[in-house]
Amino acid sequence: MVSSRVNGINESATVSMSNKAAELKEAGKTIYSFGIGEPDFTTPEEIIDYAFKEAKAGKTHYTPSAGIMELRQKIAEKMKRKNGIDATASNVLVTPTKFSLNLALYSLIDPGEEVLLPAPYYVSYPDIIKLNQGKMVTVPTDENYELDFDSLGKYVSPKTRVFMLNNPVNPTGKVYSEKSLRKLSDFIIENNLYLISDEIYEDLVYKGKMFSPGSIEEMKDRTVTLSGFSKSYAMTGWRIGYMVAPVDIIKAANKVQQQTLTCAPSISQYGAMKALENEESVTKMKKEFEKRRNLAVSLLKEINDLSFYEPEGAFYIFPGYSIDRSDDAISLDLLEKQNVIVTPGSPFGAEKHFRISYATSEDVIREGIGRIGKYFNGQQK
């Protein structure tokens with residue numbers, strides 16, 4: 001008999017679709033998967049070699065709970081250089097990026113306090129908020145996924161504590177402008193809130209420019225910035241990232257880390273240290289993702305009944321449709337009739353949508369979107 005707390009948590013829709021794809025492939029089916037958001041590249045060789053060398057040298061033990069000091073210093077330097085955030089090692093906690101969402105919320109909210117969350121949102125946010133005994137308050141966005149600052153205030157109550165933002169956005173590929181983020185920062189200051197800024201896709205911006213709200217002087221003590229190495233360096237399996245925040249929040253989060261993970265994996269931390277020296281690989285992967293983005297956009301534009309916001313960052317497209325079927329039913333149809341895996345839109349907070357991850361080969365993009373076209377153009381057999 002499991003706890004009611006666990007029974008109230010949903011499985012991750014993206015991970016579930018990835019598991020389904022693996023099962024079907026094991027059964028011998030050819031599957032065209034646009035499911036999980038994971039680069040199909042291997043981690044750059046020099047990162048693997050460096051981590052292996054450190055492991056062979058005996059660096060396989062516990063590290064300080066907040067992370068290896070040299071890595072924390074390198075992350076602080078990166079935050080100053082790339083994000084404009086004035087940080088030192090004392091502002092950095094090394095931890096898996098997804099876990100840092102939990103650490104940030106656990107450190108900031110008391111049970112029953114509210115978290116404002118723009119929709120569409122990353123599929124795990126609602127359940128992470130629930131796990132941390134918070135209450136999600138969904139904030140709608142317009143057709144371009146912009147916030148309506150004139151109406152935003154009506155979602156604030158005496159229990160509102162945090163605004164959670166993903167930028168670039170999973171699942172839409174939206175990149176918020178500096179102007180929008182400065183307006184959001186004004187709203188957060190006026191309402192005495194904290195901002196959790198999830199910037200895991202910060203290196204994958206194709207149009208516009210990345211801006212970190214934590215770089216605004218007045219937001220320095222109100223912002224928890226999260227990022228990591230999974231998307232930019234194809235290091236998903238290493239489970240390594242970081243949070244940057246005021247010292248009191250880092251100390252609080254570190255206490256929780258000590259009683260849960262103890263510390264991030266030592267070998268992954270050494271890999272991360274090497275990754276921070278490897279901008280060439282980031283640039284190379286970004287160029288490849290941009291090529292795939294352009295291909296996917298051009299192919300999707302040819303499909304009847306699909307409309308979508310052209311992504312500016314990350315590696316997702318979030319098409320909507322008008323036919324009278326649920327997104328769960330559409331996703332199941334695409335799997336059973338076309339061997340294509342997409343993720344339904346409802347878990348992202350948007351019905352009658354589905355998410356496509358173009359972090360896959362051009363051959364899969366061409367064939368898979370072609371099959372989506374057959375379905376929506378009424379040619380499925």
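For the range 305-378, the alpha carbon positions stretch 30, 25, 19 Å along the principal axes, listed from largest to smallest. Taking every alpha-carbon pair under 8 Å whose residues sit at least 6 apart, the chain reaches a relative contact order of 24 percent. Averaging 1/r over every pair of different alpha carbons in the range 124-229 and inverting the result gives a Kirkwood radius of 14.5 Å. Label zone (LYS80, point 7 Å along Cα-to-C-beta; backbone nitrogen cut-off 11 Å) within the range 210-243: none.
The H on the amide N of ARG355, modeled in the peptide plane, is under 5 Å from the matching H of THR343, GLY345, each at least 5 residues off or on a different chain. Converting phi to 3J(HN,Hα) with the Karplus coefficients 6.51, -1.76 and 1.60 and the offset θ = phi - 60°, the range 105-115 yields 5, 4, 7, 9, 10, 9, x, x, 6, 9, 10 Hz in sequence order, with x at every glycine or proline. The Kirkwood radius of the range 62-277, taken over pairs of alpha-carbon atoms, gives through the Stokes-Einstein law at 10 °C and 1.306 mPa s a diffusion coefficient of 92 µm² s⁻¹. By the helix-only formula, in which each DSSP H run with n ≥ 4 contributes -39500 (n - 2.57) and the sum is divided by residues, the chain has a 222 nm mean residue ellipticity of -11500 deg cm²/dmol. Scanning residues 5 or more positions from THR95 or on other chains, those with amide H under 5 Å from its amide H are GLY241, TYR242, MET243, with H placed 1.01 Å from N in the peptide plane. Mean separation of Cα pairs under 8 Å and 6 or more residues apart, divided by the residue count, gives the range 62-277 a relative contact order of 28 percent. The charge dipole of the range 62-277, taken about its Cα centre with unit charges on the Cβ atoms of Lys, Arg (+1), Asp and Glu (-1) only, comes to about 580 debye.
For LYS209, a cut-off of 22 angstrom between C-alpha atoms picks up these lysines, skipping any fewer than 8 places away in its own chain: LYS78, LYS80, LYS82, LYS174, LYS179, LYS183, LYS220, LYS231, LYS284, LYS286, LYS287, LYS291.
With a Förster radius of 56 Å applied to the beta-carbon distance between ILE267 and ASN304, the computed FRET efficiency rounds to 0.70.
Sorted from longest to shortest, the spans of the Cα atoms of the range 171-237 along the three principal axes equal 39, 25, 21 Å.
Over every Cα atom in the range 22-136, the radius of gyration and the widest Cα-Cα span, Dmax, amount to 19.2, 52 Å.
The length gained on full extension between GLU351 and THR60, counted as 0.36 nm times the residue separation minus their Cα-Cα distance, comes to 100.2 nm.
Rounded to the nearest Hz, the phi-derived 3J(HN,Hα) couplings of the range 292-303 under the Karplus curve 6.51 cos²θ - 1.76 cosθ + 1.60 (θ = phi - 60°) are 5, 4, 4, 5, 4, 4, 5, 6, 5, 5, 8, 9, where x marks glycine and proline.
Is the shape of the range 151-302 rounded, prolate or oblate, going by the alpha carbon gyration tensor and its root eigenvalues a ≥ b ≥ c, with a/c under 1.5 for rounded and a/b larger than b/c for prolate?
Oblate, because a/c is 1.5 or more while a/b does not exceed b/c.
Going by neighbour counts of Cβ atoms within 10 Å, the residues SER322, SER281, SER212 line up, fewest first, as SER322, SER281, SER212.
Compared with the direct C-alpha span, the chain from SER326 to ASP363 gains 10.5 nm at full extension, assuming 0.36 nm per residue. Listed by chain and number, the aspartates and glutamates whose alpha-carbon sits under 12 Å from that of LYS301, ignoring those within fewer than 8 places in the same chain, are GLU310. Our coupling estimate for the range 218-235, obtained by passing each phi through the Karplus curve with A = 6.51, B = -1.76, C = 1.60 and θ = phi - 60°, is 5, 9, 4, 8, 10, 10, 10, 9, 10, 7, x, 10, 4, 8, 6, 10, 6, 10 Hz, Gly and Pro reported as x. For the chain, the average shadow cast by the Cα convex hull is 19.7 nm², which is a quarter of the hull's surface. With 0.36 nm allotted per residue and the present C-alpha distance subtracted, the SER151-ASP49 stretch has 31.5 nm of extension available. Highest mean packing comes first when the peptides 307-318, 199-210 are listed by Cβ atoms within 10 Å, giving 307-318, 199-210. Note on the range 1-75: Kirkwood hydrodynamic radius from all Cα pairs is 17.0 Å, rounded to one decimal. Ranking VAL92, PRO168, LEU193 by how far each Cα lies toward the positive end of the dipole of the range 62-277 (charges on Cβ) leaves VAL92 at the top.
With the simple model of a label 7 Å out from the Cα in the direction of the Cβ, GLU23 to ASN191 spans 4.0 nm.
Laboratory data are not the source of any read-out in this text; all were calculated from the coordinates shown. Since the model is a prediction, treat every value here as computed from it, not as a measurement. Neighbour counts are summed over all protein chains in view; Cβ atoms, including those assigned to glycine, are modelled from backbone coordinates with ideal geometry.
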